[in-house]
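Remarks on the structure that follows.
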Amino acid sequence: MIPLEYYLVVASALFSLGLFGLLTKKNAVNVLMSIELMFNAANINLIAFSRFVTGDTEGQVFALFVIVIAACESAVALAIVMSLYRILKGVDLPEASALKG
Amino acid sequence: METLAPKIIFWVFTGLMLGSALVVVLGTNLVRAAFALLATFFSVAAFYAMLGADFLAGVQILVYVGGILTLFLFGVMLTNRIYGLELETATFQLGSGALVSLTVFAVLVTVVLTTPWSQTALVEEGPTTPAIGRLLMTEYVLPFEIASVLLLVALLGAAMLVRRRIDL
C-alpha cells in the first residue's frame, strides 16, 4: 500500500516541472505541453484525495471534467498558435509583444 | 513479495513520469518533447490505475494520447519550417523560472509532509464506471451538459480561428 504522501509529492514535482517549463520555454507549443503536465499533476491529486480522504468517486468525476476542459483548452490554444504563426512567421512568445505598453 | 510489487511498480512509473517530464521541460528538440509527453501521459494513467480509477486510466489514454498528443504533433509540424527534424526550442528567464518553480515545489512538499493524512484507502478496489456514470447522470448532470456545450464551442472556435480569411 503506497501512502497518500508519496502520490502528493510526485504530483507536486510534476506540477513544479510544468511550471518551470511554462515560465522558461519560448516556443508556444512547448508552453502548452508544460500546461498539460500541470493539469495531469492536479488530476493525480484529485484522484488520490478521492481514494484516501473523501472515499467516494466524486473526485474522479471532477478529474473527468478537468480532462474535458484540458482538451478544449489545447484545441483553442493551438488554433491561436496557428494564427500567431501566420502573423509572426514563428511561434516564439517573446516576439508576440504587440500589446506591450 | 506481495507487499513489494506495488512499491516497485510505483517507483518505476514515478521515474518514467518525472524523467520524461524533464525531457519535455529541459530538452531542446520539440518532436522529442512530444514523444516524451507520451511516456508522461502513460505513467499518469498507470498512477490512476494504481489509485483504483480504472475508467479514468482508460479516458486518460484515449483523450490525452489519442487526442491531445496528436493535436500537439500537428501543432509542432504546422508551426515550424521543417528542414529535417531539428525543431529547436529556446529558453529564457531560466534563473527566475527555476526560483519560482522551486519555491512552489518546496511550499507544496512542506504542506504535504506536515499535514496528518489518513493512512488507509477508504475505497475498496473494483470497477468505478457504474458509480461515475450514476453521478454524471444524477448529481453532476448540469456540469455534464455544460461540458458538452463547451466542447461544441471549442470546436467552432478552433475552426473559426484557423480558417483562412477570404477577402471578398
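The values are calculated or read from the model by the stated rules, or taken from the named source; none is laboratory data. This one's a predicted model, so the numbers in the text were calculated from it and none came from an experiment. FYI the Cβ positions are ideal-geometry reconstructions off the backbone, even for glycines, and counts take in every protein chain you see.
Tabulated values for the structure
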{"read-out": "Among the candidates B:Leu150, B:Leu155, B:Leu122, B:Leu135, residue that is surrounded by 11 or more Cβ atoms within 10 Å (Cβ to Cβ) and at pLDDT below 90", "value": "B:Leu122"}
{"read-out": "Among the residues listed as A:Val29, A:Val61, the single one being touching a residue at least 60 places away in the same chain (Cβ under 8 Å), surrounded by 20 or more Cβ atoms within 10 Å (Cβ to Cβ) and within 7 Å of chain B (Cβ to nearest Cβ)", "value": "A:Val29"}
{"read-out": "Test: residue in region A:84-100 that is out of contact with any strand residue (DSSP E or B) (no Cβ under 8 Å at 6 or more places or on another chain), within 7 Å of another protein chain (Cβ to nearest Cβ) and of a type in the set (A, V, I, L, M, F, W, C)", "value": "no"}
{"read-out": "Residue within region A:18-32 that is of a type in the set (Val, Ile, Thr), within 30 Å of B:Gln119 (Cβ to Cβ) and either part of a loop (DSSP other than H, G, I, E, B) or out of contact with any Phe, Trp or Tyr (no Cβ under 6 Å at 6 or more places or on another chain) (or both) present", "value": "no"}
{"read-out": "Members of region A:71-96 that are within 21 Å of B:Phe92 (Cα to Cα), surrounded by 15 or more Cβ atoms within 10 Å (Cβ to Cβ) and not hydrophobic (A, V, I, L, M, F, W, C)", "value": "A:Tyr85, A:Gly90, A:Asp92"}
{"read-out": "Residue in region A:15-26 that is at pLDDT below 90 and surrounded by fewer than 23 Cβ atoms within 10 Å (Cβ to Cβ) present", "value": "yes"}
{"read-out": "Residue identified as under 29 Å from B:Leu22 (Cβ atoms) and more than 21 Å from the chain's Cα centre (by Cα) among A:Ala63, A:Ala96, A:Ala70, A:Ala48", "value": "A:Ala96"}
{"read-out": "Criterion violated by B:Arg32 - all others in (1) of a type outside the set (Val, Ile, Thr); (2) more than 7 Å from chain A (Cβ to nearest Cβ); (3) not in a helix (DSSP H, G or I) satisfied", "value": "(3)"}
